[in-house]
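Colleague: Supplied in structure tokens, the structure appears directly below.
The values are calculated or read from the model by the stated rules, or taken from the named source; none is laboratory data. Predicted model only: the values in this text are computed from it and were never measured. Note that each Cβ is placed from the backbone with ideal geometry, even for glycine, and that neighbours are counted across all protein chains shown. These area figures cover heavy atoms from the full protein model, side chains too; ligands, DNA and RNA do not enter into them. Shrake-Rupley method; radii C 1.70, N 1.55, O 1.52, S 1.80 Å.
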Amino acid sequence: MKFGTKAIHAGVEPDPTTGAIMTPIFQTSTYVQASPGKHKGYAYARGANPTRNSLQKSIAALENGKFGICFSSGMGATDAVVRLLNPGDEVITSNDLYGGSYRLFTKVYERMGIKFHFADLTHADNIKPLINAKTKLLWLETPSNPLMRIIDIQACVALAKSSNIRVAVDNTFASPYLQTPLDMGADIVMHSVTKYLSGHSDVIMGALVVNDEKLYQELAFIANSCGAVPGPQDSFLVLRGIKTLHLRMERHCFNGKKIAEYLRHHPKIGKVYWPGFEDHPNHSIAKRQMRDFGGMLSFTLKDDRLEQAIRFLEHVKLFSLAESLGGVESLINHPASMTHASIPKAEREKNGLSDTLIRLSIGVEDIEDLIADLDQSLASV
Ligand SMILES: *Cc1c(COP(=O)(O)O)cnc(C)c1O
């Protein structure tokens with residue numbers, strides 16, 4: 001089945017008791033048993049819920065994976081992956097991670113004796129000197145947030161596999177429409193479902209997808225033991241959102257390309273970070289491993305003073321100043337003070353994230369209106 005057909009049909013079957021074409025919201029915490037331990041596959045809703053199950057199948061199908069597990073947030077999903085590790089284990093990851101992942105790794109898990117190495121993984125070879133007998137996990141995020149760097153998943157997987165290291169990919173920015181890391185040899189795909197999968201800025205949720213049954217059992221055990229599971233109402237909303245994922249992504253990509261080109265040619269713009277440009281340092285990898293370039297980009301103004309960036313952020317009208325991304329509406333963000341404030345300034349600057357960088361999550365509105373809004377705001381700086 002092709003992507004759009006899967007987005008609409010995978011995991012969703014008419015309700016056997018009523019024929020309802022849409023999966024009902026099973027708003028229940030428990031299930032009646034005929035005799036102790038004799039039930040219909042559902043005992044208690046932390047462990048399983050039919051609405052959630054349907055969504056898990058849908059997300060797994062979109063990632064070309066066998067097993068999906070949903071969590072109450074993207075961070076809940078990431079946390080479950082780190083819980084596979086033991087004190088003393090080491091993790092290699094990239095140096096421009098999502099701020100919340102960086103915070104979870106350095107502030108929560110380093111304290112518990114897990115060691116994280118942060119490196120520029122746009123050069124896969126940088127992994128090599130960090131590998132030792134304690135290395136258990138390679139955590140990749142590509143495209144990266146907010147600098148839109150692209151990591152070569154296959155090259156990293158090849159290096160990790162030769163040392164028996166598990167590879168997890170945060171696929172939030174790409175969505176399964178643009179990139180399916182399990183097909184490139186990754187062991188785990190993680191999503192902040194909150195973003196493109198949900199697509200309507202009305203749900204917080206996370207997901208993991210894997211192919212290996214034993215790994216699935218371990219993660220399902222963690223999900224049930226630690227309890228960060230999403231509710232049925234949110235599961236329903238995401239099932240609904242996913243039905244238009246392919247249509248939304250098509251428009252996100254179309255609008256993204258138009259805005260990248262518009263900004264690049266504007267005299268008041270400094271640098272534009274978008275992997276679709278042929279002179280983007282990782283363009284050839286992006287072209288190979290992604291189906292299109294997505295709706296996320298970042299840029300700086302030519303006048304690189306903070307007060308000018310803030311002026312611009314205050315003057316947009318259609319773009320809303322907010323954290324998050326991947327919804328139908330366009331958002332604008334100031335990473336240094338918003339999404340990436342949890343990364344220390346010195347660390348941010350070392351990794352090329354300046355205080356004047358502006359990030360756009362380009363929605364699916366009409367492109368003329370989006371460009372007119374950027375135009376009037378640029379006139380103010
Ligand atoms: C938002 C986000 C997360 C965290 O997901 P939540 O659903 O907010 O917990 C992780 N990684 C990336 C790339 C994100 O954008």
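Colleague: Please give the number of the condition Val169 fails out of (1) within 24 Å of Pro281 (Cβ to Cβ); (2) open to solvent by less than 10 Å² (accessible area, probe 1.4 Å); (3) away from the ligand (no atom under 12 Å from the Cβ).
Modeller: Just one mismatch for Val169, condition (3).
Colleague: Does the range 208-217 hold any residues that are more than 13 Å from the ligand (Cβ to nearest atom) and out of contact with any Asp or Glu (no Cβ under 9 Å at 6 or more places or on another chain), and which are they?
Modeller: Glu213, Lys214, Tyr216, Gln217
Colleague: Examine the range 93-103 for a residue that is without any contact (Cβ under 8 Å) to a residue 60 or more places away in the chain, more than 19 Å from the chain's Cα centre (by Cα) and closer than 21 Å to Lys287 by Cβ, and state whether such a residue exists.
Modeller: no
Yes or no, residue by residue, for (1) closer than 24 Å to Ala155 by Cα; (2) touching a strand residue (DSSP E or B) at 6+ places or on another chain (Cβ under 9 Å); (3) acidic (Asp, Glu); (4) surrounded by fewer than 20 Cβ atoms within 10 Å (Cβ to Cβ):
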| position | (1), (2), (3), (4) |
| --- | --- |
| Val238 | no, yes, no, no |
| Met249 | no, no, no, no |
| Ala260 | no, yes, no, no |
| Arg288 | yes, no, no, yes |
| Thr300 | no, yes, no, yes |
| Gln308 | no, yes, no, yes |
| Phe312 | no, yes, no, no |
| Leu318 | no, no, no, yes |
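Colleague: Taking only the range 311-332 into account, find how many residues are within 15 Å of Pro146 (Cβ to Cβ) and in contact with a His (Cβ under 9 Å, 6 or more places away or on another chain).
Modeller: 3
Colleague: How about the range 39-83: which of its residues are surrounded by 23 or more Cβ atoms within 10 Å (Cβ to Cβ) and of a type in the set (D, E, K, R)?
Modeller: Those that are surrounded by 23 or more Cβ atoms within 10 Å (Cβ to Cβ) and of a type in the set (D, E, K, R): Arg52, Glu63.
Colleague: Considering only residues of the range 204-222 that are open to solvent by 10 Å² or more (accessible area, probe 1.4 Å) and touching a helix residue (DSSP H, G or I) at 6+ places or on another chain (Cβ under 8 Å), which is nearest to Leu360 (Cα to Cα)?
Modeller: The qualifying residue nearest to Leu360 (Cα to Cα) is Ile204.
Colleague: Give the range 1-38 a look and list any residue that's buried (at least 16 other Cβ atoms within 10 Å of the Cβ) and of a type in the set (A, V, I, L, M), or say none.
Modeller: Ala7, Ala10, Val12, Ile25
Colleague: Among the residues of the range 63-100 satisfying the criterion of being at pLDDT below 95 and in a helix (DSSP H, G or I), which is nearest to the ligand (Cβ to nearest atom)?
Modeller: Gly100
Colleague: Something else now. Counting just the residues of the range 172-207 that are free of Cβ contacts under 8 Å to residues at least 60 places away in the same chain and among the charged types (D, E, K, R), which one comes out nearest to the ligand (Cβ to nearest atom)?
Modeller: If we take residues in the range 172-207 being free of Cβ contacts under 8 Å to residues at least 60 places away in the same chain and among the charged types (D, E, K, R), then Asp202 is nearest to the ligand (Cβ to nearest atom).
Colleague: Only one of these conditions is not met by Leu325: (1) within 26 Å of Asp366 (Cβ to Cβ); (2) open to solvent by 10 Å² or more (accessible area, probe 1.4 Å); (3) assigned to a loop (DSSP other than H, G, I, E, B); (4) among the aliphatic types (A, V, I, L, M). Which number is it?
Modeller: (2)
Colleague: Please find, within the range 133-149, the residue that is farthest from the ligand (Cβ to nearest atom) out of those that are open to solvent by less than 70 Å² (accessible area, probe 1.4 Å) and of a type outside the set (A, V, I, L, M, F, W, C).
Modeller: Of everything passing the filter in the range 133-149, Thr135 is farthest from the ligand (Cβ to nearest atom).
Colleague: So Ile127 fits all but one of (1) assigned to a strand (DSSP E or B); (2) more than 16 Å from the ligand (Cβ to nearest atom); (3) open to solvent by less than 40 Å² (accessible area, probe 1.4 Å); what number is the exception?
Modeller: Result: Ile127 fails condition (1) only.
Colleague: Let me ask another. Please find, within the range 101-118, the residue that is farthest from Ala48 (Cα to Cα) out of those that are open to solvent by 20 Å² or more (accessible area, probe 1.4 Å) and either aliphatic (A, V, I, L, M) or more than 16 Å from the ligand (Cβ to nearest atom) (or both).
Modeller: Among those residues, the one meeting the criterion is His117.
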